[in-house]
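Have a look at the structure below before the remarks.
The values are calculated or read from the model by the stated rules, or taken from the named source; none is laboratory data. Predicted model only: the values in this text are computed from it and were never measured. When we count neighbours, we look across all protein chains shown, and the Cβ atoms used for this are built from the backbone with ideal geometry, even at glycine.
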Amino acid sequence: MEQDSTIPGILLHVEAPDLNLSYSVSSGVSDLSTRAPLPENGTARIASNTKTYVAVSVLRLWEQGMLELDDPISKHISGKHAQILKSDGYDLNKITIRHLLTHTAGLFDHAGSNTYIEKVFADPSHEWTRTEQVQGCVDWGNPLFEPGEQFSYSDTGYILLGEIIENVTEKSLGKAVRELIGFKKIGLNATWWEKIEQKLTASPERIHQYFQGMDTFNFDPSLDLYGGGGLVANTKDMARFYQELFAGNVFEQSSTLDTMITKVSFPEEYTPSSDYRMGIFYFKFNEMDMYSHSGFWSTQATYIPELNASVSIIITQFAKGRLINRLLNETAGLLEGY
């Protein structure tokens, strides 16, 4: 695997059952200070890749009749958080769970605010609460549009979904997601919710991830913990999750997956910047359909229906989206000709 000298490490996994292929590869080091080799099964913070797991968990609750997708969020979030959001003009009787899942609620994204990013890097050890982040949504920006009118990516929406999962199940987010998805059943043996759960005994050690040369290994995980992010996993588990999801081994009914990946409707005059479904992006790459999600720390998982294959990539340096796309393109090409 050809590697840019500015990148400490790259991990990639391919899960392609029709080709009898389950293959991991890595290149580089897991820690720039020790120069320890990067293990193929190394785990990492997968950031917004977590959103797919959260969306699937919400849809599992929907299957079980525990909530409705068109429930107003006022029905399921705490009074404290409802009051914070109402103070900025959000109508919580108009915002539904469906809106949160599809980023169409009009919520300002606290995590995308320069103020938030500055605070995180000024004090990496700060232990953030969900309430602080909801407050940031209100303090650092304003409502963007009426629910359902447009698309705007918002971590705040997914931390509210995390709260909804906790309130509906009366369990911690980590335990609820683990049980709803069935981590053990589908073989996710290296996936766990940082800080909320104990690290799995069998899970490989977490590798170091870098932001413009800065080692973020000891950044407190609460900066991205409550549903917008929070999971630690390796590339094998990331690809396996996508493969099992699209194979029909997670939902009780195939129609639930259809609901998850159905294109979102908008007013005729509006075209969204991205084709986001429920917790997953859809796009075409080299004429092939792709269902995918990426994360802040240069992580990505993708399912390719035409090949019945999943590809996951972790690059240990921030903002390497172009390289991820190149690796995905090259890997898909190899699988096509396999």
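Looking only at residues in region 43-76 that are touching a Leu at 6+ places or on another chain (Cβ under 6 Å) and part of a loop (DSSP other than H, G, I, E, B), which one is surrounded by the fewest Cβ atoms within 10 Å (Cβ to Cβ)? Checked region 43-76; the qualifying residue surrounded by the fewest Cβ atoms within 10 Å (Cβ to Cβ) is L67. Taken together, S30, S24 contain a single residue that is under 24 Å from the mean Cα position of the chain (by Cα), surrounded by 17 or more Cβ atoms within 10 Å (Cβ to Cβ) and either charged (D, E, K, R) or closer than 30 Å to I261 by Cβ (or both), which is S24.
Checking each residue in region 285-338 for being among the aromatic types (F, W, Y), in a strand (DSSP E or B) and under 12 Å from A16 (Cα atoms) picks out only Y303. Among the residues of region 121-145, those identified as touching a residue at least 60 places away in the same chain (Cβ under 8 Å) and of a type in the set (S, T, N, Q) are S125, T129, Q133. Among the numbered conditions (1) over 24 Å from the mean Cα position of the chain (by Cα); (2) assigned to a strand (DSSP E or B), the only one that I84 does not meet is (2). The set of residues in region 167-182 that are farther than 17 Å from V232 by Cβ and without any contact (Cβ under 8 Å) to a residue 40 or more places away in the chain comprises E170, K171, E179. Within region 125-149, restricting attention to residues that are out of contact with any Ser or Thr (no Cβ under 7 Å at 6 or more places or on another chain) and assigned to a loop (DSSP other than H, G, I, E, B), the residue that is surrounded by the most Cβ atoms within 10 Å (Cβ to Cβ) is P143. Based on what the data block shows, is V250 more than 17 Å from E306 (Cα to Cα), among the β-branched types (V, I, T), in contact with a Leu (Cβ under 9 Å, 6 or more places away or on another chain) and in a loop (DSSP other than H, G, I, E, B)? Here the answer is yes, as V250 does meet what is asked.
Taking region 108-120, which residues are free of Cβ contacts under 8 Å to residues at least 60 places away in the same chain and either touching a Leu at 6+ places or on another chain (Cβ under 7 Å) or assigned to a helix (DSSP H, G or I) (or both)? If the condition is that a residue be free of Cβ contacts under 8 Å to residues at least 60 places away in the same chain and either touching a Leu at 6+ places or on another chain (Cβ under 7 Å) or assigned to a helix (DSSP H, G or I) (or both), then F108, H110, G112, N114, T115, Y116, I117, E118, K119 are the ones that fit.
Checking F241, F251, F266, F246 one by one, the residue that is aromatic (F, W, Y), under 22 Å from T43 (Cβ atoms) and surrounded by 12 or more Cβ atoms within 10 Å (Cβ to Cβ) is F241 and no other.
Looking at this structure, is T131 at pLDDT 95 or above and touching a helix residue (DSSP H, G or I) at 6+ places or on another chain (Cβ under 7 Å)? Yes.
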